[in-house]
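The values are calculated or read from the model by the stated rules, or taken from the named source; none is laboratory data. This is a predicted model, so every value here is computed, not measured. In this analysis, Cβ positions are derived from the backbone assuming ideal geometry, glycine residues included, and neighbour counts consider all displayed protein chains. Surface accessibility is based on the protein's heavy atoms, side chains included, excluding ligands, DNA and RNA. Shrake-Rupley method; radii C 1.70, N 1.55, O 1.52, S 1.80 Å.
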There are 2 protein chains.
Amino acid sequence: MTAPLHEAHPAGPGRALPDTQQGMRRRNLARVMHTVSAEGPLSRAAVASRIGLTRAAVSTLVDELIRSGLLEELGPERPGRVGRPGSALAVSGRGPAGIGAEVGVDHLAVCAVDLRGEIRARAVRHGVNRGRSPEPVLAELTALVRQVVAEADAEGLWPAGLAVAVPGLVARDGRTVVRAPNLDWHDTDLGALLPAELPPTVDNEANFGGLAELWLGETTPRDFLHVSAEIGIGAAVVVDGGLLRGTRGFAGELGHVPVRPDGPECACGGRGCLEQYAGEEAVLRAAGLEPGTDRVGLLANRAADGDEAVRRALHDAGTALGIALTGAVNLLDPQLVVLGGALSGLAPWLLPSLEAELARRTAGPPCPVSVSLLGPEGPLLGAAHSVVRAVLDDPAAVAERAGATATGRTVDIVAEQA
Amino acid sequence: MTAPLHEAHPAGPGRALPDTQQGMRRRNLARVMHTVSAEGPLSRAAVASRIGLTRAAVSTLVDELIRSGLLEELGPERPGRVGRPGSALAVSGRGPAGIGAEVGVDHLAVCAVDLRGEIRARAVRHGVNRGRSPEPVLAELTALVRQVVAEADAEGLWPAGLAVAVPGLVARDGRTVVRAPNLDWHDTDLGALLPAELPPTVDNEANFGGLAELWLGETTPRDFLHVSAEIGIGAAVVVDGGLLRGTRGFAGELGHVPVRPDGPECACGGRGCLEQYAGEEAVLRAAGLEPGTDRVGLLANRAADGDEAVRRALHDAGTALGIALTGAVNLLDPQLVVLGGALSGLAPWLLPSLEAELARRTAGPPCPVSVSLLGPEGPLLGAAHSVVRAVLDDPAAVAERAGATATGRTVDIVAEQA
DNA sequence: CTAATTTGTAAACCGCCATGACGAAATAGT
DNA sequence: ACTATTTCGTCATGGCGGTTTACAAATTAG
């Protein structure tokens with residue numbers, strides 16, 4: 001009756017995993033974690049009524065989660081309601097943490113997020129990575145990871161996983177960077193170049209940005225299109241609260257949607273791709289500016305200062321985005337389009353022409369467009385939170401590891417290799 | 001009781017239905033049904049090993065399904081293998097049936113499909129429906145449905161649900177036709193105009209065509225794009241074995257993807273939509289032919305005869321399709337594109353330019369394109385099978401109704417209103 | 001004809017949630 | 001103040017569902 005989407009989607013009923021009582025237990029543990037995580041401190045009774053189990057059943061589930069260190073008892077609630085007050089439960093601020101990392105064109109960043117979603121440690125290193133080979137870059141990243149892991153350890157956190165955002169296409173294996181034009185990396189197995197003791201997951205920066213919007217955005221629906229541009233233009237397609245990855249993992253390549261079929265040639269072999277009109281390079285050229293560092297900030301400043309050439313360039317980019325998004329909206333019927341990444345800073349000058357184009361080409365009410373509040377932080381946060389979500393999705397799996405790692409064993413391993 | 005069409009994806013663990021033992025039982029019943037349905041006659045032991053349960057557990061599940069009349073015991077297998085031969089189980093050819101119906105521009109069709117997937121009854125009525133108001137058309141359809149239900153009843157089948165394919169946009173409620181340009185229907189609640197005793201589900205013809213391809217196609221993968229053109233051009237977006245419907249149910253509107261942003265105006269308000277180049281009307285005009293009945297057959301005949309104007313028109317339509325599909329493929333990264341419906345008959349003349357365009361605009365190996373073998377039968381079969389799938393997806397729900405309907409009560413109700 | 005293999009079923013067992021009852025801790029009413 | 005009421009968390013009991021173990025039945029291999 002259900003089909004899957006995000007990572008752990010149960011395939012059709014025919015091929016789902018055997019449905020046994022242990023599986024039921026695991027799913028119910030997950031439901032408790034998700035409920036407490038999403039709706040703040042909650043009593044056992046409140047959780048029970050929300051997930052449709054009895055108080056007794058929830059009690060045993062909670063006991064198990066507390067023993068595993070994933071939930072904490074905060075003490076009695078102080079309610080105005082009649083009846084015995086419940087004992088507030090909250091997700092633990094100690095225990096497993098999600099480590100997120102980002103390989104940017106001119107920076108590296110790592111952070112640790114606890115189960116509550118708080119950032120507990122972070123490290124950044126500026127420096128141009130474009131054109132450097134993967135090995136030294138990832139060696140630096142590994143050093144940052146170890147630093148953050150050590151910081152987190154000092155706060156009682158152990159790393160439950162590492163997720164790495166890269167600006168490029170990543171295969172569905174979650175390890176291999178197929179093509180990262182801005183880094184000039186091709187078919188690189190990042191999994192082999194990252195800390196072996198901390199199994200890494202690699203994904204596209206746009207995808208993690210979209211997930212961050214999904215998980216952290218205030219009013220983000222479960223179906224939307226998250227458009228982000230760094231140098232290329234990528235989109236995260238979120239359907240029913242999960243990421244649409246595509247067969248090879250290449251879904252969301254909005255930058256190569258044809259906008260004008262006879263337009264200028266593109267590196268992809270096509271003509272008139274969106275990237276030729278709204279990509280960073282194209283916009284800078286149209287604005288009469290040279291490529292360089294912090295080009296987005298430059299564009300925003302110039303536009304704010306009233307530079308006509310820049311404004312026109314952004315206006316035209318918005319038009320092209322509107323055309324490409326019309327196609328995407330017709331195909332996917334999302335509830336919302338979110339402009340994220342570098343686009344969020346340029347939104348004031350992109351939006352008018354973008355929305356006009358979208359409205360002009362849509363029969364009914366056009367798809368609303370909003371601007372991400374996360375900005376450039378999105379991918380890093382999305383990566384870290386993806387690990388946290390994995391813990392919430394299967395707390396039992398983590399509980400098993402917790403025994404081994406509560407003693408700090410993983411931390412030791414990571415540290416001793418530093 | 002609802003006959004839910006294939007839903008996109010299960011919600012996250014946080015909002016799933018309470019995970020109780022009854023739910024487990026239901027899912028395991030469904031897994032047995034799916035396995036037997038997909039892999040032909042199978043012994044209990046074979047089913048057990050496939051779904052990962054023990055033989056004992058499968059035995060009780062099978063007993064229940066046999067008592068409900070959903071499975072049949074065919075008798076001992078005749079194997080060359082050592083050991084006691086198993087007793088072959090097959091999906092029952094009696095019991096619940098899926099009723100599929102299609103409202104075409106110039107025909108109505110209804111069929112009944114049993115759990116085995118066999119068509120057991122059908123009725124067609126030719127006659128132009130364009131421009132007629134919904135009430136008389138659906139009254140005729142209802143008569144056909146009753147006729148088919150009566151025929152099915154004579155073979156020991158009772159209707160488990162009715163699914164109706166219409167050439168237009170259908171809201172997510174599965175009842176309301178928002179816009180069917182070729183029928184000139186708007187905001188019509190078909191649910192209210194169909195047999196009340198047989199809860200109907202309404203969906204887009206393109207969606208049902210895509211589902212038919214998914215369920216009945218020989219080599220169809222779980223991620224593909226099924227393009228079908230009758231008068232408009234629609235696509236079914238199939239992701240991980242499920243249909244992507246979009247927020248309002250309007251996903252897959254490939255016909256209004258911009259191909260040339262400054263092209264001719266379209267009824268949707270846009271310019272240069274695919275429909276302006278590859279829609280039936282546009283192609284006929286480009287070929288120098290008049291609109292009329294069986295225009296697709298005419299096009300195919302003329303093209304086969306070597307009519308240059310027709311061939312050029314189809315070549316150009318293929319090019320436009322290629323451009324629009326390039327965008328779709330970049331966005332969704334499907335494993336395959338299938339040309340269905342009217343396009344399948346014209347494929348020989350569309351494919352060369354279509355594939356050339358797709359290949360030219362793709363960096364790596366282009367997305368393969370195939371032609372549906374179901375042709376115009378797709379939507380009707382998809383509709384009927386969607387009901388069958390709903391039964392396979394939750395046999396327990398049907399088993400409850402089976403008691404009431406085994407006596408022919410539903411059939412009587414349907415019949416007595418005739 | 002015997003040994004080996006596989007199937008289907010029955011009996012005993014275990015895990016998981018539901019049910020119902022109870023004490024604990026708060027509010028509301030007198 | 002004191003009691004009734006409400007709600008919370010827990011315990012004991014029970015039902016349900018799949019597993020384990022054992023065994024008879026039916027076939028092939030030697």
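Observations on the structure shown:
- Ordered by 1.4 Å accessible area with all protein chains kept, A:308, A:39, A:290, B:72 run largest first as A:290, A:308, A:39, B:72.
- Quarter of Cα convex hull surface for the range A:21-91, i.e. mean projection, nm²: 4.6 nm²
- Cα-derived Rg to Rh of the protein assembly as shown, Kirkwood definition: 0.99
- Restricting the calculation to Cα atoms, the range A:78-166 yields a radius of gyration followed by a Dmax of 18.1, 66 Å.
- Size descriptors for chain B: radius of gyration and Dmax over Cα atoms are 22.8, 72 Å.
- Probe 1.4 Å - accessible area at residue A:158, Å² to nearest ten: 20 Å²
- Seen from residue A:296, the other residues with C-beta closer than 10 Å to its C-beta sum to a net charge of -2, counting Lys and Arg as +1 and Asp and Glu as -1.
- Inter-chain neighbour count for B:257-269: the average number of beta-carbon atoms from partner chains within 10 Å of each residue's beta-carbon is 5.
- Net charge, residue A:95 excluded, C-beta distance under 11 Å - Lys, Arg +1, Asp, Glu -1: 0
- The long axis of helix B:55-67 is offset from the longest Cα principal axis of chain B by roughly 80 degrees.
- In degrees, nearest ten, helix B:295-305 long axis to first principal axis of chain B (Cα): 70 degrees
- Total buried accessible area between A and B, probe 1.4 Å, nearest 100: 5700 Å².
- The range B:162-267: relative contact order as a whole-number percent, Cα under 8 Å and 6+ apart: 22 percent
- Position residue B:301: other-copy label points at 7.2 nm, ordered by increasing distance, label point 7 Å along Cα→C-beta.
- Along the range A:190-200 the Karplus relation, 6.51 cos²θ - 1.76 cosθ + 1.60 evaluated at θ = phi - 60°, assigns HN-Hα couplings of 5, x, 7, 10, 10, x, 5, 7, 10, x, x Hz to successive residues, with x for each Gly and Pro.
- Rolling a 1.4 Å probe over the protein heavy atoms leaves residue A:277 with an accessible area of roughly 60 Å².
- Computed extension length for residue A:90-residue A:363: 93.6 nm, one decimal, from 0.36 nm per residue of separation with the Cα-Cα distance subtracted.
- Each copy carries a label point for residue A:128 at 7 Å from Cα along the beta-carbon vector; from one copy to the others these points are 6.9 nm apart, nearest first.
- Per residue, the convex hull volume that the Cα atoms of the range A:218-373 enclose (Å³): 120 Å³
- Normalised contact order of the range B:218-373, rounded percent, pairs of Cα under 8 Å and 6 or more residues apart: 24 percent
- Comparing A:379, A:41, A:79 in a Gaussian network model of chain A (Cα springs below 10 Å), the most mobile by mean-square fluctuation is A:79.
- Gaussian network model of chain B, springs between alpha carbon atoms under 10 Å - residue of B:348, B:96, B:395 with greatest fluctuation: B:348
- Karplus (6.51, -1.76, 1.60) ³J(HN,Hα), θ = phi - 60°, over the range A:250-262, in Hz, Gly and Pro reported as x: 9, 4, x, 7, 4, x, 10, 6, x, 9, 10, x, 10
- When you restrict to C-alpha pairs under 8 Å that are six or more residues apart and normalise by the size of the range A:21-91, the relative contact order lands at 35 percent.
- Between 0 and 90°, nearest 10: helix B:395-406 axis offset from chain B longest Cα axis: 80 degrees
- Judged by the ratio a/c of the largest to the smallest principal axis of the C-alpha gyration tensor, the range B:217-285 counts as prolate, that ratio being 1.5 or greater while a/b is larger than b/c.
- Label reach from residue A:128 (point 7 Å along Cα→C-beta): in the range A:103-121, amide nitrogens under 19 Å belong to A:103-109.
- The residues packed around residue B:373, meaning those with a beta-carbon under 15 Å from its beta-carbon, carry a net charge of -3 if Lys and Arg are +1 and Asp and Glu are -1.
- Label-point spacing for residue A:371 across the identical copies (point 7 Å from Cα in the Cβ direction), in nm and ascending order: 5.1.
- Ellipticity estimate at 222 nm from DSSP helix runs (n ≥ 4, -39,500 (n - 2.57)) divided over chain A, nearest 500: -13500 deg cm²/dmol
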